[in-house]
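Take a look at the structure set out below.
The values are calculated or read from the model by the stated rules, or taken from the named source; none is laboratory data. What you see is a predicted model, and the numbers here were worked out from it, not measured in a lab. Backbone-built Cβ (ideal geometry, glycine too); neighbour counts: all protein chains shown.
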């Protein structure tokens, strides 16, 4: 998720699925034959991210044959609550990949993540990572990010060429392209997530970011105007009504069907895009008056507060996630963009034409609200987005409901935003 995350629901191939609470009872402890076990929680579904995870674990296994990695796949919407429950059970994962841009304030303040400050301070490569890759709460480090995920516009070059349409660079150009393609591709022009969740909000908000608006500065009028555009897409045969329930994985499957000229989705699908039976192209999210901006997403890595061998867990974080080799494995298998600065000029990245729009987007991202109720703020916008797509609400009412929800969440979270 992600912001940046795809909703989970399938078992991870080749990984041991355990009950969420209590699954780390042997974490870091000696097992039969002297073997140790590290338990990793994630909500990854099948695809490039899982392929990367398996390869990164194999990299770790080369130098740590005596350590078994048990990966627990937990549904996306359940991972935060199960991790919070470990505060009571005092038994959880050794390592967890969490949806940091949504859940960090809650998880860090609940005492379910270990303080990584001393580990990070002593990490030889810490200078290679931007400040945005290090997540702090009360001046203590609890999460680090080895990669980032961003949104962009995918397009089916074969369909665009047949219609004489150029890949759009601005919202005006996108609007013109959508309208031109609508008669030939009724209700199948643009594939995107419109779920009433943080996923839907993540897809919608770049429209406002391109106008210089974000969660801290947007108004009810700003929302209503952009929701009117979305209503036009729904009523004008550009997006199907079922978009209102699609998560990012659903939207990607629709685009990969070859029926949709355009799809809004993330760089984590780049590896899968190469398997399409049509020519795939990518460009940045179409720019508004203030340029092209998307929110940075991706999972962050943390160590469970009740891990029994935190030193071993940190070794895993360093070698299987933060290292140069691990970051390249992740990129090649999933398309997720490394945050290490010494990989910016790596040929594997610079030589991939499809990834370039996402790399460019990483340098011009929007700012997330600094509030413990960030998830609730996003959900309020996602619900409005979905309601307009489905026709359950008009743009004016949906905008009012969304801003009421954003304001209430902001105050509940202490009133801070930027």
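Output the helices (runs of 4 or more DSSP H) that fall wholly within segment 86-188 and possess 1 or more residues being out of contact with any strand residue (DSSP E or B) (no Cβ under 6 Å at 6 or more places or on another chain), surrounded by 23 or more Cβ atoms within 10 Å (Cβ to Cβ) and modelled with pLDDT under 95, or say none.
So the answer is 100-110.
In a residue-by-residue description of segment 333-343, the property of being in the same structural domain as residue 133 (by TED's automatic domain parsing), part of a helix (DSSP H, G or I) and within 18 Å of the chain's Cα centre (by Cα) applies to at least one position.
Can you tell which of 281, 212, 263, 258 is more than 21 Å from residue 164 (Cα to Cα) and at pLDDT 95 or above? Unique residue meeting the criteria: 212. Taking the numbered list (1) at positive phi; (2) touching a strand residue (DSSP E or B) at 6+ places or on another chain (Cβ under 7 Å) in turn, residue 287 passes all entries but (1). Out of 78, 73, 90, 49, one residue alone is more than 21 Å from the chain's Cα centre (by Cα) and in contact (Cβ under 8 Å) with a residue 12 or more places away in the chain. It is 90. Answer yes or no: is there a residue in segment 68-84 that is at pLDDT 95 or above, farther than 20 Å from residue 199 by Cβ, out of contact with any strand residue (DSSP E or B) (no Cβ under 6 Å at 6 or more places or on another chain) and assigned to a helix (DSSP H, G or I). Scanning segment 68-84, I find at least one residue that is at pLDDT 95 or above, farther than 20 Å from residue 199 by Cβ, out of contact with any strand residue (DSSP E or B) (no Cβ under 6 Å at 6 or more places or on another chain) and assigned to a helix (DSSP H, G or I), so the answer is yes. Which members of segment 52-70 meet the condition of being within 21 Å of residue 112 (Cβ to Cβ) and in contact (Cβ under 8 Å) with a residue 60 or more places away in the chain? Matches in segment 52-70: 69 only.
Here residue 396 meets each of (1) within 25 Å of residue 104 (Cα to Cα); (2) part of a helix (DSSP H, G or I) with one exception, condition (1).
Given the options 407, 416, 390, name the one that is assigned by TED's automatic domain parsing to the domain that holds residue 281, farther than 26 Å from residue 292 by Cβ and at pLDDT below 95. Full working, then the answer.
Working: 407 fails: at pLDDT below 95; 390 fails: at pLDDT below 95.
Only one candidate qualifies: 416.
Counting the residues of segment 360-406 that are free of Cβ contacts under 8 Å to residues at least 60 places away in the same chain, under 17 Å from the mean Cα position of the chain (by Cα) and surrounded by 18 or more Cβ atoms within 10 Å (Cβ to Cβ) gives 1.
Filter segment 53-67 for residues that are in contact with a strand residue (DSSP E or B) (Cβ under 9 Å, 6 or more places away or on another chain) and in a loop (DSSP other than H, G, I, E, B); which is farthest from residue 320 (Cα to Cα)?
Within segment 53-67, the subset in contact with a strand residue (DSSP E or B) (Cβ under 9 Å, 6 or more places away or on another chain) is 53-54, 57, 60-61, 64, 66-67.
Cutting the leftovers down to in a loop (DSSP other than H, G, I, E, B) gives us 64, 66.
Working: 64: 11, 66: 15 Å.
Here the residue is 66.
Quick one: which of 313, 326 is within 17 Å of residue 48 (Cβ to Cβ) and assigned to a helix (DSSP H, G or I)? Step by step, each of 313, 326 is checked, and only 326 is within 17 Å of residue 48 (Cβ to Cβ) and assigned to a helix (DSSP H, G or I).
Could you list, in sequence order, the residues of segment 241-279 that are buried (at least 19 other Cβ atoms within 10 Å of the Cβ), assigned to a loop (DSSP other than H, G, I, E, B) and touching a strand residue (DSSP E or B) at 6+ places or on another chain (Cβ under 9 Å)? Passing the criteria: 246, 260, 261.
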